[in-house]
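Asker: Once you've had a glance at the structure underneath, I'll fire off some questions.
Derivation of every value follows stated rules applied to the coordinates shown; laboratory data play no part. In this text, all values refer to a predicted model and were calculated from it rather than measured experimentally. Because the Cβ atoms are built from the backbone with ideal geometry, glycine has one as well, and the counts that use them run over all protein chains shown.
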Amino acid sequence: MKSCTVEFLANNNSIIVAGDWVMGNVTPRFVDIKSSLASSLSGELQIQTSSLESWDSRFVLFVYELQTYCQENDINFNLSGLPSSAQGLLKQVSAFPVRESGNKQLPAKSFMAGIGEKTQHMLQQSALVLNFVGEVCFSLSRLVRGKASFRKQDLWLMIQDCGPNALGIVTLISVLVGLILAFVGAMQLKIFGAQIYVANLVGLGMVREMGAMMTAIIMAGRTGAAYASQLGSMQVNEEIDALKTLGISPIDFLVLPRLIALVIMLPLLCIYADFLGILGGLLVSVTLLDISLMEYVVQTKSALQLGDFATGLIKSSVFGVLVAISGCMSGMQSGRSSSSVGDAATSAVVAGIVSIVIADASLTVIYQIIGL
């Protein structure tokens with residue numbers, strides 16, 4: 001292994017490079033002489049390569065760093081001592097800007113600039129949502145006129161996926177929610193000797209609120225994310241572009257059957273969840289509160305009206321539309337990479353749950369105003 005050296009002569013502002021600057025040798029670094037240059041260099045810098053034997057890109061990189069330092073400090077760098085081939089390579093390196101590091105520290109943005117960017121992003125997203133909802137409405141109008149093009153088999157498959165295939169998780173969550181409502185209510189009502197009203201609490205809570213909301217949240221995490229992943233994968237594989245090329249509307253062919261399936265099945269799942277939640281409350285009441293089966297059933301029947309079931313069914317229908325639109329829109333607007341598909345699924349779940357909570361609060365206020 002041959003040595004390679006670099007020496008700075010402050011008396012004549014020159015750098016002497018010697019040895020073999022090739023792979024396998026430990027070459028000097030620019031930072032090793034930077035302090036000497038900063039303390040003694042002024043005016044002009046020359047490089048002498050009479051003792052340089054062989055070299056490769058390491059030498060060119062060293063000279064490039066040296067040239068950059070001189071340019072930043074207004075120092076004239078004399079390249080006449082470089083080999084002609086090294087001068088040519090250095091010109092090619094200087095012709096292309098160095099790519100900035102991915103870890104570059106960005107300047108801090110002002111508070112108002114951050115608000116402006118967030119507002120602009122929100123307006124852009126709002127425009128995309130309105131555009132997608134408008135396309136869905138046009139698709140529904142074509143369905144009413146009998147001009148929507150999608151396969152009936154796809155609709156039945158979607159109904160099976162978001163209906164019977166979801167019964168297991170809906171059963172588990174609904175029973176547990178009923179148990180929790182009954183147990184929490186029992187701890188307070190027992191103080192006043194009003195344990196029997198646990199039936200009212202569980203029945204009204206499940207039928208008017210928790211049955212529809214919990215079912216919708218389950219479907220947002222299960223079916224909404226699945227819709228986003230399916231459509232996102234089709235976007236990556238350019239299947240959606242192929243449908244457009246064939247003159248088939250992707251909204252009609254892909255979104256419409258998923259929307260119809262959720263709107264049909266979510267109210268049915270809501271009714272199923274309501275009865276399972278009431279069953280969970282029954283288990284707590286019979287085992288912990290010494291309330292008989294008939295007492296619980298009679299009290300629940302007296303507390304519930306058909307209007308209570310109607311409020312939950314209306315909510316579940318609205319939630320079905322929101323879950324379907326959130327999942328399908330995230331999938332249709334997905335990028336063309338695997339990470340974009342994952343982001344689309346995450347976005348579908350977040351957007352679905354947020355829209356469900358907002359819609360539930362809004363409908364509850366409307367019900368209160370109109371007296372439902």
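Asker: Magnitude of the Cβ-charge dipole of the chain, K/R +1 and D/E -1, about the Cα centre, nearest 20 debye?
Answerer: Numbers: 22 positive and 25 negative charges, 197 e Å.
Using Cβ point charges on Lys, Arg, Asp and Glu, the chain gives about 940 debye.
Asker: Please rank 256, 313, 268, fewest neighbouring Cβ atoms within 10 Å first, as an exposure proxy.
Answerer: By the 10 Å Cβ count, ascending: 268, 313, 256.
Asker: Under the classification rounded if a/c is under 1.5, otherwise prolate if a/b is larger than b/c and oblate if not, where does region 149-370 fall, given a ≥ b ≥ c as square roots of the Cα gyration tensor eigenvalues? Let's see the in-between values first.
Answerer: On the way: a/c = 2.70, a/b = 2.58, b/c = 1.05.
Prolate, because a/c is 1.5 or more and a/b exceeds b/c.
Asker: Can you spot the lysines whose alpha carbon is less than 24 Å from residue 91's alpha carbon? Ignore those fewer than 8 places along the same chain.
Answerer: Partners found: 34.
Asker: Leaving out same-chain residues fewer than 8 places away, which lysines sit with a Cα under 24 Å from that of residue 190?
Answerer: Answer for residue 190, where 24 Å is the Cα cut-off: 301, listed by chain and number.
Asker: While we're here: Antiparallel as a % of all DSSP beta bridges within region 4-95, to the nearest 5?
Answerer: Values: 6 of 16 bridges.
About 40 percent, rounded to the nearest 5.
Asker: With runs of 4+ DSSP H residues as the only contributors, calculate the mean residue ellipticity of the chain at 222 nm using -39,500 (n - 2.57) per run, divided by the residue total and rounded to the nearest 500.
Answerer: Working: 14 runs with 246 residues, N = 372.
Result for the chain, helices only: -22500 deg cm²/dmol.
Asker: Then there is this: Could you work out the relative contact order of region 4-95? I mean the mean sequence separation of Cα pairs under 8 Å and 6+ apart, divided by the number of residues, in percent.
Answerer: Working: 124 pairs, mean separation 27.3, N = 92.
Across region 4-95, relative contact order equals 30 percent.
Asker: In which sequence would 271, 169, 218 go, from the one with the fewest C-beta neighbours within 10 Å to the one with the most?
Answerer: By the 10 Å Cβ count, ascending: 169, 271, 218.
Asker: Now for a separate question. Specify the longest stretch of the chain that does not include any exposed loop site, a site being one of the GluC sites (Glu not before Pro) with a non-H, G, I, E, B DSSP assignment and at most 16 other Cβ atoms within 10 Å.
Answerer: Values: sites that count: 100, 238.
Excluding the exposed sites themselves, the longest stretch runs over 101-237.
Asker: Let me have the relative contact order for the chain, percent, based on Cα pairs under 8 Å that are six or more residues apart. Mind dumping the intermediate values first?
Answerer: Details: 478 pairs, mean separation 64.2, N = 372.
Over the chain, the number comes to 17 percent.
Asker: If you take the alpha carbon radius of gyration of the chain and divide it by 2.2 N^0.38 Å, what ratio comes out, to two decimals?
Answerer: 1.70
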